[in-house]
1. Note down the relative contact order for the range 114-197 as a percent, whole number, built from C-alpha pairs under 8 angstrom at least six residues apart.
2. When the Cα centres of the range 133-207 and the range 86-132 are compared, how far apart do they sit, in Å?
3. Could you check the spin-label model distance between ASP92 and THR156? Points 7 Å from the Cα along Cα→Cβ, value in nm.
4. Could you work out the relative contact order of the range 19-110, using alpha carbon pairs under 8 angstrom and six or more residues apart, expressed as a whole percent?
5. In Å², and per residue, what accessible area does the range 96-207 have when probed at 1.4 Å with the other protein chains present?
6. Using the Karplus curve 6.51 cos²θ - 1.76 cosθ + 1.60 with θ = phi - 60°, work out ³J(HN,Hα) for each residue of the range 150-160 in order, rounded to whole Hz, and write x for Gly and Pro.
7. Give the share of C-alpha pairs in each 10 angstrom bin for the range 101-201, from 0 to the last occupied bin, in whole percents, shortest bins first.
8. Please state the relative contact order of the chain as a whole percent: Cα pairs under 8 Å, 6+ residues apart?
Amino acid sequence: MTEEAAAVSLDGRSRPETQRRILDAATRVFAEKGYQRTAVEDIVRASDTSKGSFYHFFPGKEGIFVALVDQLGETLLTRVAGDVAVATAGLDRVGAALQAALDTFGSHRRLARILLVEAPGLGHGIDERLFALHGRFARYIAGHLELAVADGSIRTVDCDLVAHAWVGAINEVVLRWLYTGRPDPLVRAVPELRSLFLRSVGAEDRG
């Protein structure tokens with residue numbers, strides 16, 4: 001083991017719990033101060049670690065911010081896919097996907113604020129990552145819409161266009177909740193959104 005590697009091991013920089021602590025601290029600081037007013041020193045202080053530990057895991061402020069954006073994106077997609085997989089009927093998956101998405105945002109409010117309030121417009125490749133994330137979510141929804149069209153559950157629609165419209169609606173509902181706290185809890189929006197979405201493709205909401 002080199003002297004540098006030994007030093008890293010001794011001060012705990014390589015431990016997963018140290019990385020987790022830094023990410024948790026960054027989530028709090030970014031959500032409270034915003035991206036522009038946050039410095040690496042703020043995150044180091046909030047995590048009770050060292051600059052050496054921080055830079056062992058992340059190249060800088062932009063790097064850890066991107067990591068948080070990716071984290072929420074993967075959390076959202078994994079949760080939605082898992083909940084939808086247990087839904088039996090095709091249209092039931094609309095409600096399952098909505099429930100999972102809003103529940104994920106609702107239980108990760110700080111990360112939701114980073115993703116929907118702080119991240120857009122920052123540049124540095126972050127806008128491209130957000131666009132890609134929205135695209136992945138929309139493609140996932142479009143795939144299920146295509147299946148519903150194929151089995152006659154809904155009328156023939158432009159599945160890609162409808163899916164992007166649905167993602168935009170979810171985005172706006174979550175933004176409203178972040179700024180106003182309504183509805184409380186966020187998942188109370190699920191029944192109305194589900195009914196709205198199903199009507200938009202000519203389907204009846206069975207509740």
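The values are calculated or read from the model by the stated rules, or taken from the named source; none is laboratory data. For clarity, every value in this text was computed on a predicted model and none was experimentally measured. So basically every Cβ, Gly included, is an ideal-geometry build from the backbone, and we count neighbours across all protein chains shown. Just so you know, the surface numbers come from the protein's heavy atoms only, side chains and all, with ligands and any DNA or RNA stripped out. Shrake-Rupley method; radii C 1.70, N 1.55, O 1.52, S 1.80 Å.
1. Computed over the range 114-197, the figure is 23 percent.
2. Spelled out, the Cα-based centre of one part sits 12 Å from the other.
3. Here the modelled spin labels are 2.9 nm apart.
4. Normalised by residue count, the contact order of the range 19-110 is 25 percent.
5. That works out to 52 Å² for each residue.
6. Residue by residue, the range 150-160 yields 5, 8, x, 6, 9, 6, 5, 9, 7, 4, 5 Hz.
7. 14, 42, 32, 11, 0
8. Relative contact order here is 18 percent.
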